[in-house]
Amino acid sequence: MSTKKEQKRQALLQAALELFAENGFNGASTALIAKRAGVASGTLFFHFRNKEELIHCLFAEVREKIDLEVLKDVPADLPIRERLSRMLSNLLRYFLTHPAQFKFAEQYHFSPLNKQGQGFREENQTFHALLLQAREQQIIKDIPLLCLEAVAFGPISSLAKEHANRGTPVDDEMVRVTIASCWDALKR
């Protein structure tokens, strides 16, 4: 793709991200997305077959960024507790600095568009493996994986929602306490 075409595609993805975060999937028409991107309405359909494809492409890009950030500075030789804590902290910090991406990713994750439960592939695989390993080693509670995820991600999601939706300031101490609380809820 030429640079100009790629710039238009990226402008459409950015406009879609902003509008989906502001108005939800149903509140962001393709015409509104094109207008926000500063391109003609037909340009959107040159890059994406339809709005659903646009949403899936946007999620793939957002997911890739989140996955990379979550796994940053988490070497495999760290103890399980430290790896889990770093991953959770990275996730929360990413959501706090990218509230539109958080709002969009959460919408996608819980929408019918997420048919296969794709969610966050690499990050989830690594996180699931760590939770299962920790549970097997009796480091954390022996409860179903879905419950472990709810305990780990619930406080992170809640704090990220407060920040994204209400502009609630979140400082480093709040992040530290939240991650420590997640661990306290997981451990035996």
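Name the residues whose placed amide hydrogens come within less than 5 Å of the amide hydrogen of I140, ignoring near sequence neighbours (fewer than 5 apart) on the same chain.
Residues meeting the amide H criterion: R135, R188.
What are the chymotrypsin sites (Phe, Trp or Tyr not before Pro) within region 40-111 that DSSP puts in a loop, where the Cβ has at most 16 other Cβ atoms within 10 Å?
F110
Give me the extension gain from F46 to T97: residue separation times 0.36 nm, minus the current Cα-Cα distance, reported in nm with one decimal.
15.2 nm
Picking from R81, R49, R135, which is most flexible by a Gaussian network model of the chain using Cα springs under 10 Å?
Top of the fluctuation ranking is R49.
Using only C-alpha positions, report the orientation-averaged shadow area of the convex hull of region 138-182, nm², one decimal.
Its Cα hull, projected and averaged over all orientations, spans 3.5 nm².
What is the distance, in nm, between label points placed 7 Å from the Cα along the Cα-to-Cβ direction at K4 and at E106?
4.1 nm
Report, to the nearest 10°, how far helix 51-70 tilts away from the longest principal axis of the Cα atoms in the chain, using its own Cα long axis and a range of 0 to 90°.
40 degrees
What's the extension gain from E22 to K161 if we count 0.36 nm per residue and subtract their Cα-Cα distance?
Length gained, E22 through K161: 48.7 nm.
Below 15 Å, Cα to Cα, which aspartates and glutamates can K161 reach? Residues fewer than 8 away in the same chain don't count.
E22, E106, D171
Taking R0 as 30 Å, what's the FRET efficiency between K35 and S181 from their Cβ-Cβ distance, rounded to 0.05?
Once the sixth-power term is evaluated, E becomes 0.10.
Using every alpha carbon pair in region 1-48, what percent of pairs falls into each 5 Å bin from 0 up to the bin containing the largest distance?
P(r) for region 1-48, in whole percents per bin: 5, 26, 34, 22, 9, 4, 1.
Could you tell me, in Å, what Rg and Dmax come out for the Cα atoms of region 46-188?
Over region 46-188's Cα set, Rg and Dmax evaluate to 15.6, 54 Å.
Taken together, the values in this text are just the output of simple stated rules run on the coordinates, not laboratory data. Source: prediction; values computed, not measured. Positions of Cβ are generated from backbone atoms using ideal geometry, with glycine treated the same way; all protein chains shown enter the neighbour counts.
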